[in-house]
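Pasting a structure below so you can have a look.
Rule-based calculations on the coordinates, nothing more; no lab input. Computed from a predicted structure; not experimentally measured. With ideal geometry, Cβ positions are generated from the backbone for all residues, glycine too; neighbour counts draw on all protein chains shown.
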Amino acid sequence: MLTWMVSAMILAGSGQVVTESKPSWLPEGHRVLNIVAPPAAENKNPELPVVVEPFFEHVRGAVEGVSAEGATGISVGADGQLAVSKEPKPELRPGETINAQIEAAGVVWCGTDMGLYRKEGNTWKRHESYGVGGPLATKITALAHDAQGGLWVGTPIGLSLMKADGTWTQVQGRQGMPYEDVTALACDPNDNLWIGTSCGAILYKPGETGRKWFYRQGRRYLPGDHVYALALAPTGMPAYFLTDGGIGKIDAVPRTLLEKADIIEKRLNERHRRLGMVADCMLDNADNPTSHKIHDNDNDGLWTAYHVAAMSLCYGATKNEAAKASATESMHALYMLQNASGVPGLVARSVLPPEIGSTKGKQWQPTPDGSMYWKSDTSSDEIDGHYLAFYTFYEHVAQHDEAEKNLLVKQIRKLTDHLVDNDYQLIDWHGKRTKWGFWDPKSMNESPMHAVENGLNSLQMLSFLKVAHHVTGDRKYEEHYRKLIVDHGYLSNILVAKKSFPDSNNHSDDQLGYVAWYPILQLETDSKIRRTLVTGVRRHYEVVRPEQSSFYTFVTATVAPNQSDILGAIENLRQIPTDRRLWVQTNSPRADIEFSPIANRFGKRVLTRVLPADERVFQKWNADPYLPDGGHDGRLEDDGAAYLLPYWMGRFHGFIAEKQ
């Protein structure tokens, strides 16, 4: 039985919380059998909607007309012009090179491999204490001073700060410093510290109450990882870096979440569509692309469904006709996949022209007219996405357009009838079930092999049927829905839709769960069933809460806003890079991380916490966010719909608003 109850709440587009429930049709005495733990304490979210202030995004800028050949240092003049030095570093005494020299509060300091020195008259006096009451190490690699009279000292094992009162503090990985081998330092007018290291650059904001550390590693930010020198513009930005890959620049670009969404949507329509489907693309050149290619993908339908949902929600929130047209193009691409096999309801994974598809193997079959080849063995992932698209497109676009409505009703009938007529299974062209296309009671409740999937797949099928009934009004889909709940315990299964503990988490299943959670949470009004659904999604959310996923948070917040980390979701949207090129990012050597003693389901080492999205490779919601390393050479570009979906969901449901 349920051990606790929650109110049935829907967040309307206005941002107001509205109680909406109906008496239950469940038979008297019907019990939900699974037991779940009590929910976490409520969040202290601000008043909704949260007005999101403009922010700055770090972007790698171009440096033209300046050569790094032979450079030993760089500087920026009062006019903002970058200058390169080729002079060798001076020596304090023969054989002892001065690595850094600075004047702070009228005192001249220098650092060498032998220690920190203070100039007194015409002589240099070496600082006596190291480790305690002084720098962390005798080798001093960089110096900077702040407006508070502090002297920052860089060493190969971290940072030291001598405050104005002469006391020393140390900053290393345990204090949050991502990489300790300091090679360069510069303080901006706001006392924010840029740190060059042998593996990337770091912005440290010691005075901030929120996020203090920003690690900028890899070609998303720098031409090379080893920073030899850095210099700041008079205002503090841009920041310039002399690296082993040349001279680089990081700009602080003013941005709003809406501007990011507009940029991603524009780019998506320019180079991320193939036959109307939305997909990643391969650029001919990562830095200066002139052309691109789009290959087929097993999840062409799911990724396109992300976009249908995103732009349908955009149209629902803004009534922007361009959003409606974009959603419609993507939805019609899904219809193409639904019709490609010629078998009503048998959805294709992808399609290709015959000159390519015919070379791919038996999984690729010709369409009835021979104009294309379609990929078979479609999975539950794809079907999940199609129903998310059915729901959102119908709700915001099709129901207001007779032709689109009739077409969508026709398409959802074909797919849903195929599933219910085949005992809730997806039957392929050869008459056998696809590998992952099963939602039937026998597999859900009687097969030990599928015990892990039974909660997720039960959720999916109930969500599919609820959407089909909502769109068509056909009572038979509601009857199937009720039968699976009463006779086969699907509602009990849903309570534990999330079975794996975080240390063995299937992040693809998290994504599939939330794709299914969203429609059913918006549509179910039966008071008892709704309480169970809310309990199930809140339980699921407690597993994924540490990830601060904007998608998972906003879906959960439609029914449990006070249990959802909305501010964390907004931070996630800020962090997701507007640049969707997938650059290599390497976090394994960091000093501020810990590895879990348990590998992920693919045997890869994972972290105990999720790094900010702008410090790791963020692509889609099915990826493991605890992985420290990943990426490519920048030529592979993500389509960006994984950002658009939660952003427009947050806007439509009144969780966030743009500052006017």
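Per-residue counts of other Cβ atoms within 10 Å, averaged by peptide: what ranking do you get for 277-283, 89-95, highest first?
Working: 277-283: 21.7, 89-95: 10.9.
So the peptides 277-283, 89-95, ranked by packing, come out 277-283, 89-95.
What pairs in LYS442/LYS483; LYS499/LYS620; LYS405/LYS466; LYS22/LYS528 have C-alpha atoms more than 19 Å from each other? Intermediate values should be presented prior to the final figure.
Numbers: LYS442/LYS483 14 Å; LYS499/LYS620 22 Å; LYS405/LYS466 17 Å; LYS22/LYS528 9 Å.
Too far apart for the 19 Å limit: LYS499/LYS620.
If you don't mind, another one. D for the stretch 473-587, whole µm²/s, Stokes-Einstein with Kirkwood Rh over alpha-carbon pairs at 37 °C and 0.692 mPa s: what number? Intermediate values should be presented prior to the final figure.
Working: Rh = 15.8 Å.
After rounding, the answer is 208 µm²/s.
Let me ask you something else. Could you state, as a whole-number percent, how many of the C-alpha pairs of the stretch 507-660 are farther apart than 18 Å?
On the way: 7124 of 11781 pairs.
Distances greater than 18 Å cover 60 percent of the Cα pairs.
Ok, one more. In a Debye calculation with equal point scatterers on the alpha-carbon sites of the stretch 418-513 and no solvent, what is log10 I(q)/I(0) at q = 0.11, 0.19, 0.23 Å⁻¹?
-0.33, -0.93, -1.24
Suppose every Lys and Arg Cβ carries +1 and every Asp and Glu Cβ carries -1, with no other charges. What dipole size does the chain come out with about its Cα centre, to the nearest 20 debye?
Numbers: 69 positive and 80 negative charges, 179 e Å.
Value, rounded to 20: 860 debye.
Over all alpha-carbon pairs in the stretch 81-208, figure out the percentage whose distance exceeds 20 Å.
Result for the distance tail: 41 percent.
When the helix-only estimate is applied to the chain (DSSP H runs of n ≥ 4, each -39,500 (n - 2.57), divided by the residue count), what is the mean residue ellipticity at 222 nm, nearest 500 deg cm²/dmol?
Numbers: 15 runs with 202 residues, N = 660.
Value at 222 nm, helices only: -10000 deg cm²/dmol.
Residue-wise, which Karplus ³J(HN,Hα) couplings in Hz belong to the stretch 545-555, taking 6.51 cos²θ - 1.76 cosθ + 1.60, θ = phi - 60°, and x for glycine or proline?
With the stated coefficients, the stretch 545-555 comes to 3, x, 6, 6, 5, 5, 5, 5, 5, 5, 4 Hz.
Still on this structure, I have one more. Rounded to the nearest Å, what's the spacing between the alpha carbon centres of the stretch 29-108 and the stretch 575-644? Just the number, please.
Going from one Cα centre to the other spans 19 Å.
Could you list which residues have their amide H under 5 Å from that of ARG216, counting only those 5 or more apart in sequence or on another chain, with H placed in the peptide plane?
HN-HN under 5 Å from ARG216: ALA201, ILE202, LEU203.
For the stretch 353-384 and the stretch 486-538, what is the separation of their C-alpha centers, rounded to whole Å?
Centre-to-centre distance over Cα atoms comes out at 32 Å.
Further question: So what's the net charge close to CYS187: Lys and Arg +1, Asp and Glu -1, counting the other residues with Cβ under 15 Å from its Cβ?
Numbers: positive: LYS163, LYS205, LYS212; negative: GLU103, ASP146, ASP188, ASP191, GLU208.
Within the 15 Å Cβ shell, the charges total -2.
Using the Karplus curve 6.51 cos²θ - 1.76 cosθ + 1.60 with θ = phi - 60°, work out ³J(HN,Hα) for each residue of the stretch 621-628 in order, rounded to whole Hz, and write x for Gly and Pro.
6, 8, 7, 7, x, 8, 5, x
Determine, from the Cβ-Cβ distance of SER447 and THR318 and an R0 of 51 Å, the FRET efficiency 1/(1 + (r/R0)^6), rounded to the nearest 0.05. Display every interim value, and only then the final one.
Details: r = 46 Å, r/R0 = 0.90.
Computed FRET efficiency for SER447 and THR318 comes out at 0.65.
Please express the Cα-Cα pair-distance distribution P(r) of the stretch 151-275 as a list of whole percents, one per 10 Å bin, running from 0 to the bin with the greatest distance.
12, 37, 29, 14, 6, 1, 0
Amide H of LEU185: which non-local residues (sequence gap of 5 or more, or other chain) have their own amide H closer than 5 Å, using H built in the peptide plane?
Amide H neighbours of LEU185, under 5 Å, 5+ apart: LEU143, GLY196, LEU230.
So for the chain, averaging the separation of alpha carbon pairs under 8 Å that are six or more residues apart and normalising by length, what relative contact order in percent results?
Numbers: 1424 pairs, mean separation 104.7, N = 660.
Relative contact order comes out at 16 percent.
Further question: From the cross-link list LYS375/LYS432; LYS293/LYS414; LYS266/LYS414, which pairs have alpha carbons spaced over 21 Å apart? Show your work: numbers first, answer last.
Details: LYS375/LYS432 15 Å; LYS293/LYS414 33 Å; LYS266/LYS414 33 Å.
Pairs exceeding the cut-off: LYS293/LYS414; LYS266/LYS414.
Rounded to the nearest 20 Debye, what is the dipole magnitude of the stretch 266-350 about its Cα centre when Lys and Arg each give +1 and Asp and Glu each give -1 at the C-beta?
Details: 9 positive and 9 negative charges, 50 e Å.
The calculation lands at about 240 debye.
Contour minus end-to-end for GLU355 and ASP369, with contour as 0.36 nm per residue of separation and end-to-end as the Cα-Cα distance? Write down the numbers at each step before the final one.
Numbers: separation 14, 0.36 × 14 = 5.04 nm, distance 1.44 nm.
Value of the extension gain: 3.6 nm.
Further, regarding this structure: What is the distance in Å between the Cα centres of the stretch 151-202 and the stretch 229-268?
Each part reduced to its Cα centre gives a spacing of 22 Å.
Also, I was wondering about something else. Enumerate the lysines that LYS205 could reach by cross-link, defined here as Cα to Cα under 26 Å, with residues fewer than 8 away along the same chain left out.
Within reach: LYS44, LYS139, LYS163, LYS249, LYS260, LYS659.
Show me, bin by bin at 10 Å from 0, the whole-percent P(r) of the stretch 344-459 based on Cα pairs.
13, 36, 34, 16, 1
If the convex hull of the alpha-carbon atoms of the stretch 34-117 is projected onto planes in all directions, what is the mean projected area in square nanometres?
Working: hull surface 62.4 nm².
Computed as one quarter of the Cα hull surface, the answer is 15.6 nm².
Take peptides 467-480, 215-228, 163-176 and line them up by average Cβ neighbours within 10 Å, highest first, as a rough protection proxy. Before the final figure, lay out the partial values.
On the way: 467-480: 18.2, 215-228: 22.2, 163-176: 13.7.
Packing order, densest peptide first, comes out as 215-228, 467-480, 163-176.
Something else about it: Taking the stretch 554-660, which chymotrypsin sites (Phe, Trp or Tyr not before Pro) meet the DSSP loop condition and have no more than 12 other C-beta atoms within 10 Å? Present the calculation step by step, with values, prior to reporting the outcome.
Details: sites: PHE554, TRP583, PHE595, PHE602, PHE618, TRP621, TYR626, TYR643, TYR647, TRP648, PHE652, PHE655; in loops: PHE602, PHE618, TRP621, TYR626, PHE655.
Here the sparse-neighbourhood loop sites are PHE602.
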